[in-house]
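Colleague: Dropping a structure here in structure tokens format, bear with me for questions.
The values are calculated or read from the model by the stated rules, or taken from the named source; none is laboratory data. Only a predicted model underlies this, so the values are computations on that prediction, with no experimental measurement involved. When we count neighbours, we look across all protein chains shown, and the Cβ atoms used for this are built from the backbone with ideal geometry, even at glycine.
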Amino acid sequence: MSGRRTIYEIYWEILVYCRTPRPFTAIINRCDLNSKTGQEYLEFLAGKGYLQAVTEEGKTRYGSTKEAGEYIALFSSLYQELFDNPPGFRL
Amino acid sequence: MHEQTLSQFGTEIRQFFLISLLNLVFAAIAIAIGVQYIVTAILGQTLDPVIPGFPVIPGMRMLSAAIALCCFGLGIQWILSTVRIFEGVVMIKDDLKKAGGAITDTRLTCLIVRMLAHYRDNRRTIRTMILVCTLGGVCFFVLGMANSLKVLSISSGGFAFTFDNLLLIPAMILTLGISLASLLSSYYFSKFARVWDQRLNAIGRSECTLKQKLGLDET
């Protein structure tokens, strides 16, 4: 996903994408990040316990933890609520 | 909650797609009419005054050609901006259609985030388009009237007008139709922008909750 996103939207996107463990390059490509900011975001999420780095055969993959599920659910409910309450757009 | 969100989001995307399409068609017509005016003014195919009842002013033809050229450039810029907005909406609309009624919670949230990012990217363009559509609508209205009326007299008792030629009535109706479409497009764009601005504000407020969840809240 590209475009102007908030940091919380980027965190959500990383966590959703990493439900299946992914390598660093796949994450930054998918989330349209440069390697420096990508590294910062991953370190932050790993520090909070939402991401876990797993190294297998010399390759590091990042996977979302159970704690990440709470953030994902909270984020989804907050964003979907935007369309439950008026005003809505109608022709 | 999911069904209601999906229904509301889907309806909004489809309706915004229709407005963008209408705007695209209108921008194309504006370019075509701009070209027609440039050609007419440069080749001097008409000696009629710009405003009915007023004498022909020397140099007016070149001035109207210059204005038409500006309108043409504006039309090109306008169509490019509309295409950018249109493309983004089409992609989201198609993805929503592909997912169908059995869309997952995550996929729906992903599309909402994409639409919000698309709106943030094009917020200024949409604001400009609201202004351009309003101006365009007014200009086309004046143009439609000015090209069709031979005499317009306004007195304290009322006003009277004479059509230049009955054959011009369909052309006038078309121009007035374009004018109406432009004003409608402006109205709906501003309505859309108002609703989505409110949503961006709501997201700003809900960020406090996300901040707390991530342990970033210092208070």
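Colleague: Let me confirm something: among A:33, A:42, which residue is in a loop (DSSP other than H, G, I, E, B) and either away from chain B (no Cβ under 13 Å) or in contact with a Cys (Cβ under 6 Å, 6 or more places away or on another chain) (or both)?
Modeller: A:33
Colleague: Next question, about the same structure. I'd like to know if the range A:3-20 contains one or more residues that are at the interface with chain B (Cβ under 7 Å from one of its Cβ atoms), surrounded by fewer than 17 Cβ atoms within 10 Å (Cβ to Cβ) and charged (D, E, K, R).
Modeller: Checking the range A:3-20: at least one residue is at the interface with chain B (Cβ under 7 Å from one of its Cβ atoms), surrounded by fewer than 17 Cβ atoms within 10 Å (Cβ to Cβ) and charged (D, E, K, R).
Colleague: Yes or no: the range A:45-53 includes at least one residue that is within 13 Å of the chain's Cα centre (by Cα), within 17 Å of residue B:107 (Cα to Cα) and more than 8 Å from every other protein chain (Cβ to nearest Cβ).
Modeller: Checked against the condition, which is being within 13 Å of the chain's Cα centre (by Cα), within 17 Å of residue B:107 (Cα to Cα) and more than 8 Å from every other protein chain (Cβ to nearest Cβ), the range A:45-53 yields no hits at all.
Colleague: Here's a follow-up. Scan the range B:199-210 for residues that are free of Cβ contacts under 8 Å to residues at least 12 places away in the same chain and facing chain A (nearest Cβ under 7 Å) and jot them down.
Modeller: Listed by number, the residues that qualify are B:202, B:206, B:207, B:209, B:210.
Colleague: Can you tell me which of (1) surrounded by 15 or more Cβ atoms within 10 Å (Cβ to Cβ); (2) over 18 Å from residue B:20 (Cα atoms); (3) more than 10 Å from chain A (Cβ to nearest Cβ) is the one residue B:126 doesn't meet?
Modeller: For residue B:126, the failing item is (2).
Colleague: Pick from A:59, A:36: which is of a type outside the set (Val, Ile, Thr), loosely packed, with under 14 Cβ neighbours inside 10 Å and in contact (Cβ under 8 Å) with a residue 24 or more places away in the chain?
Modeller: That would be A:59, the only listed residue that is of a type outside the set (Val, Ile, Thr), loosely packed, with under 14 Cβ neighbours inside 10 Å and in contact (Cβ under 8 Å) with a residue 24 or more places away in the chain.
Colleague: Residue B:121 versus (1) acidic (Asp, Glu); (2) buried (at least 16 other Cβ atoms within 10 Å of the Cβ); (3) away from every other protein chain (no Cβ under 13 Å): which is the lone unmet condition?
Modeller: (3)
Colleague: Return a yes/no flag: does the range A:25-32 have any residue that is closer than 26 Å to residue B:207 by Cα, surrounded by fewer than 19 Cβ atoms within 10 Å (Cβ to Cβ) and acidic (Asp, Glu).
Modeller: Yes, there is a match, as at least one residue in the range A:25-32 is closer than 26 Å to residue B:207 by Cα, surrounded by fewer than 19 Cβ atoms within 10 Å (Cβ to Cβ) and acidic (Asp, Glu).
Colleague: Say we look at the range B:181-205 and pick out the residues that are more than 21 Å from residue B:13 (Cβ to Cβ) and modelled with pLDDT of 85 or more; which of these is surrounded by the most Cβ atoms within 10 Å (Cβ to Cβ)?
Modeller: The qualifying residue surrounded by the most Cβ atoms within 10 Å (Cβ to Cβ) is B:183.
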